Amino acid sequence: MPRTGRPRAFNRDEAIVAAMLLFWEHGFESTSLAQLRSAMGNISAASFYAAFESKEALFREAVDVYISTHGQVSESFRDSSLRPRAAIEEGLRRSARMQTEASHPLGCLVTLSAINCSPELKHIQELLFQEREKVKGWQRDCIGRAVANGDLPASTDVAMLVTLFDTFLRGISSQARDGVPIATIEAAITQLMSVWDGLSGRTGS
């Protein structure tokens, strides 16, 4: 009787990536334990809980992996080697390209994966809110730097400008899911940056 090969060893890092893609596609609450176990190689419930303790703990790890990989596009907002205008534009364009790539679920996991949650899962929404606030803070600091160095006038309504750019950033998710082409989103970013140019009294960066 021929010997069967040894089953492939459980790879924890690969399992987290598989979970991340499911949470990204379906959201936290709609992703079932059965889906997660299947994506991880049909592991048993006992193996799942031994490796991750809970679905929520796995989700937190999946969010961390997302932020350290795909989410790195937001780092442009706090790149002090760039002029503030260029940092904002680069962050928007990199985010748009990432969110419309076909190699993974469309949109942004941090924006989409807990839009709606049961009341007992409000802490999941809070986790993602804090991550979004972090990126929003980078935009606020970037625009504040522009005011401080004279790229934007002292009278600039920083809060308004942050809201404008962050609202656009978060809206890319729905546009990507609706199939809006990247070229159209890129053109919208070009138009959006004209608001900055109008405030600065210049054209271009």
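The values are calculated or read from the model by the stated rules, or taken from the named source; none is laboratory data. Keep in mind the model is a prediction, meaning the values are calculated, not measured. For neighbour counting, all protein chains shown are included, and Cβ atoms are generated from backbone atoms with ideal geometry for every residue, glycine included.
Which of (1) closer than 26 Å to Val162 by Cβ; (2) in the same structural domain as Phe165 (by TED's automatic domain parsing); (3) touching a helix residue (DSSP H, G or I) at 6+ places or on another chain (Cβ under 7 Å) does Ala86 not meet, given it meets every other one?
Going through the list (1) closer than 26 Å to Val162 by Cβ; (2) in the same structural domain as Phe165 (by TED's automatic domain parsing); (3) touching a helix residue (DSSP H, G or I) at 6+ places or on another chain (Cβ under 7 Å), Ala86 breaks only (3).
Which ones in region 132-156 are closer than 30 Å to Ala114 by Cβ and either out of contact with any Pro (no Cβ under 6 Å at 6 or more places or on another chain) or in a loop (DSSP other than H, G, I, E, B) (or both)?
Residues satisfying the conditions are Arg132, Glu133, Lys134, Val135, Lys136, Gly137, Trp138, Gln139, Arg140, Asp141, Ile143, Gly144.
Please work out which one of (1) surrounded by fewer than 17 Cβ atoms within 10 Å (Cβ to Cβ); (2) within 23 Å of Glu133 (Cβ to Cβ) is the condition Ala102 fails and give its number.
(2)
What about Gln139, is it modelled with pLDDT of 95 or more, under 19 Å from Val180 (Cβ atoms) and buried (at least 16 other Cβ atoms within 10 Å of the Cβ)?
So Gln139 fails the test.
Restricting to region 42-71, count the residues that are surrounded by 12 or more Cβ atoms within 10 Å (Cβ to Cβ), closer than 22 Å to Gln125 by Cβ and among the small types (Gly, Ala, Ser).
Adding up the residues that qualify gives 3.
Among (1) of a type outside the set (A, V, I, L, M, F, W, C); (2) part of a helix (DSSP H, G or I); (3) within 17 Å of the chain's Cα centre (by Cα), there is one condition Pro105 misses while meeting the rest; what is its number?
Condition not satisfied by Pro105: (2).
Restricting region 72-99 to residues that are among the small types (Gly, Ala, Ser) and within 18 Å of Leu128 (Cα to Cα), which is surrounded by the fewest Cβ atoms within 10 Å (Cβ to Cβ)?
Going through the qualifying residues, I end up with Ser74.
Name the helices (runs of 4 or more DSSP H) wholly inside region 4-87 in which the number of residues that are touching a His at 6+ places or on another chain (Cβ under 8 Å) and touching a residue at least 40 places away in the same chain (Cβ under 8 Å) is 2 or more.
Hits in region 4-87: 12-26.
Consider Asn116 against the criteria (1) closer than 28 Å to Gly198 by Cβ; (2) in a loop (DSSP other than H, G, I, E, B): it satisfies all of them except one. Which criterion is unmet?
(1)
Every residue in region 157-205 that is among the basic types (Lys, Arg) and assigned to a helix (DSSP H, G or I), please.
The answer is Arg170, Arg177.
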